[in-house]
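**Student:** The following block contains the structure, expressed as C-alpha cells.
Read the figures in this text as sums done on the coordinates, not as results from a lab. Note that the coordinates shown come from a computational prediction; the quantities given were computed from them, not determined experimentally. All Cβ positions, even for glycine, are placed from backbone atoms using ideal geometry, and neighbour counts span all protein chains on display.
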Amino acid sequence: MAKDIIRYDLLVQDAMRGVMRKVLGDVAGNGYLPGDHHFTISFHTDAPGVMISRRLAEQWPHELTIILQHQYSNLEVDDEGFGVTLSFRSVPERLYVPFSAVTGFFDPAVEFGLRFESGEDSLEETEEEAPAAGPSLIAKKPEPVKELKPKVEPTRIAPTKIEPAKSDASKTAGADKPRKLRPVETKEEGDEKIVSIDAFRKKP
C-alpha cells in the first residue's frame, strides 16, 4: 500500500501540462504558429481517451510522435486534450489526444522540451524505491579471527660463577710427598749382582 505523501512530481507534471495546454490554446486561437515555432508531440496511442484510426493504431500500437508545423489543420483545445487533423502519407487523419496521454512536448525553435510520465508509472516507480516498513537487518561481514600467539619473553640466564675446586690438603700433601723407596737389596753371587723385584713394587 502506498504511503500518504504529497506527490510533488505529479503536481509539477500537471503544471507542465498546463503550460502545454496554454501554448496549444493560443496557437488554436490565433490560427497559426508564431515565427519559427513548431511542436513535436509524443503520446501513448493505447492510453485511455485517445482517438485515432485503426490504421494508425495498428502501425503504432504503443506510442506515436506527431509534428505540428505545416501540414495540420483544425486544431482544437479543451481542458482535457486537443484534437487536430494531420496528413499521414497524403491521407488526412483526425486525432484526439488527452493531455494525460502525452509523454513529450518539444519546441525545436527555442530548444524547449517537457517530458511527462503517467500517474501509474510514477506510482509504481515510487513504490519500488520506497523502503520496506520496519527495521532492516544488515548482515555484517565477519571479521577475520586473529591468531593468538603466546607471548614468550626471553629468559635471562645468570652466568654461573665457577669457583676452583678446593684441593684436599691431606691428599695433595700426600700426593706431592716424594715416595720413599725401599733400599734395593742386592745379592751377590759370584761376580753378578741380583736386584730384587720388591724394589719396583708400590706399597699400598
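**Student:** Between Leu56 and Ile6, 0.36 nm times their residue separation minus their Cα-Cα distance comes to what?
**Tutor:** 14.2 nm
**Student:** In region 1-64, what trypsin sites (Lys or Arg not before Pro) fall in a loop by DSSP, with at most 10 other Cβ atoms inside 10 Å?
**Tutor:** Lys3
**Student:** Out of all Cα-Cα pairs in region 43-106, roughly what percent, to the nearest whole number, are more than 15 Å apart?
**Tutor:** Tail of P(r) above 15 Å: 48 percent of Cα pairs.
**Student:** With point charges of +1 on the Cβ of Lys and Arg and -1 on the Cβ of Asp and Glu, referenced to the Cα centre of region 1-99, which listed residue (Pro61, Leu24, Leu95) lies farthest in the positive direction of the dipole?
**Tutor:** Projecting each Cα onto the dipole axis, the largest value belongs to Pro61.
**Student:** Let a ≥ b ≥ c be the square roots of the eigenvalues of the Cα gyration tensor of region 1-78; is it rounded (a/c under 1.5), or, if not, prolate (a/b larger than b/c) or oblate?
**Tutor:** oblate
**Student:** Which far-off residues, 5 or more places away or on another chain, put their amide H under 5 Å from the one on Gly104, with H placed in the peptide plane?
**Tutor:** Ser42, Phe116
**Student:** Now, a different point. Could you tell me which of rounded, prolate or oblate describes region 1-44, using a ≥ b ≥ c as the square roots of the eigenvalues of the alpha-carbon gyration tensor, with rounded for a/c under 1.5 and, failing that, prolate when a/b is larger than b/c and oblate otherwise?
**Tutor:** Judged from the Cα gyration tensor, region 1-44 comes out prolate (a/c at least 1.5, a/b above b/c).
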